[in-house]
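The values are calculated or read from the model by the stated rules, or taken from the named source; none is laboratory data. If you're wondering where the values come from, they're calculated on a predicted model, not measured in any experiment. Counting neighbours? That spans all protein chains shown, and the Cβs are built from the backbone with ideal geometry, glycine included.
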Amino acid sequence: MQTRITGRVWKYGNDVNTDVIFPGKYTYSISDPDEMAQHALEDLDPDFVAQVQPGDIIVASTNWGCGSSREQAVICLKRAGVGAIVARSFARIYFRNCINHALPIVTCDAVDGVQSGDTITIDFALGVVSTPKGDYAFPPYSPEVLEILEDGGLIPHAQKVLGILKT
């Protein structure tokens, strides 16, 4: 994983729940990550899937990922190309699911310094989000979390640490 990324902002508000991130109506009918990506944010932002580019960054206000604990709400964004999510606060389980699936996530107030379409830079090692209106600090990632992200998520990381070969 790169410890520093730059991407275009998609800005959203408060309480974006997992049913909005990945519509609940697809929960039991879609299991392919590429197909999940085709439905990312479709009820909130119908243009998202057609316009998202690899490395784009979602910036939101409070309580991103509230609702059910479905992993599809992380997988669809990662597979769509989202490089990171920055928000004032996250639902606890959503935050953990992001780390588990190697989607970098940052808690800070950067939502105040951006508009949709802006370009921002996140330095995970230094703990800084640089926006057009200034820098916003967050606790830098620990070496352990950086390793999980670098390895592609918690399962590949555990396999590496335990010396388990993929079949």
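Give the residues of segment 3-32 that are touching a residue at least 24 places away in the same chain (Cβ under 8 Å) and either of a type in the set (S, T, N, Q) or exposed (fewer than 15 other Cβ atoms within 10 Å of the Cβ) (or both), sorted by residue number. Within segment 3-32, THR3, ARG4, THR6, GLY13, ASN14, ASN17, THR18, THR27 meet the criteria. Of the residues that make up segment 79-87, is at least one at pLDDT 95 or above, among the basic types (Lys, Arg) and either in contact with a Ser or Thr (Cβ under 9 Å, 6 or more places away or on another chain) or surrounded by 21 or more Cβ atoms within 10 Å (Cβ to Cβ) (or both)? No: segment 79-87 contains no residue that is at pLDDT 95 or above, among the basic types (Lys, Arg) and either in contact with a Ser or Thr (Cβ under 9 Å, 6 or more places away or on another chain) or surrounded by 21 or more Cβ atoms within 10 Å (Cβ to Cβ) (or both). If you check every pair at least six apart or on different chains, which have Cβ atoms under 8 Å apart with a residue in segment 85-106 that is hydroxyl-bearing (Ser, Thr, Tyr) first and a residue that is crowded, with 18+ Cβ neighbours inside 10 Å and in a helix (DSSP H, G or I) second? As it stands, the answer is TYR94/THR18; TYR94/ALA73; TYR94/VAL74, since those pairs meet every condition given. The C-beta contact set for segment 55-68 (first residue modelled with pLDDT of 95 or more and small (Gly, Ala, Ser), second residue part of a loop (DSSP other than H, G, I, E, B) and buried (at least 20 other Cβ atoms within 10 Å of the Cβ), distance under 9 angstrom, 6+ apart or interchain) comprises GLY55/VAL82; GLY55/GLY83; ALA60/TYR12; ALA60/VAL16; SER61/TYR12; SER61/VAL16; GLY65/VAL16; GLY65/ALA91. Taken over segment 107-131, the criterion of being among the β-branched types (Val, Ile, Thr), outside any strand (DSSP E or B) and without any contact (Cβ under 8 Å) to a residue 24 or more places away in the chain is satisfied by no residue. Only a single item in (1) out of contact with any helix residue (DSSP H, G or I) (no Cβ under 9 Å at 6 or more places or on another chain); (2) buried (at least 19 other Cβ atoms within 10 Å of the Cβ) is not met by GLN53, and it is number (2). In segment 138-162, the residues that are over 21 Å from VAL86 (Cβ atoms) and without any contact (Cβ under 8 Å) to a residue 60 or more places away in the chain reach residues that are surrounded by 14 or more Cβ atoms within 10 Å (Cβ to Cβ) and among the acidic types (Asp, Glu) with C-beta atoms within less than 7 angstrom, at least six apart or across chains, in these pairs: HIS157/GLU147; HIS157/ASP151; LYS160/ASP151.
Of the residues making up segment 130-159, those that are more than 16 Å from CYS108 (Cα to Cα), over 17 Å from the mean Cα position of the chain (by Cα) and surrounded by 14 or more Cβ atoms within 10 Å (Cβ to Cβ) number 4. Here ALA73, ALA102 are screened, and the one residue that is in contact with a Ser or Thr (Cβ under 6 Å, 6 or more places away or on another chain), within 23 Å of PRO156 (Cβ to Cβ) and modelled with pLDDT of 95 or more is ALA73.
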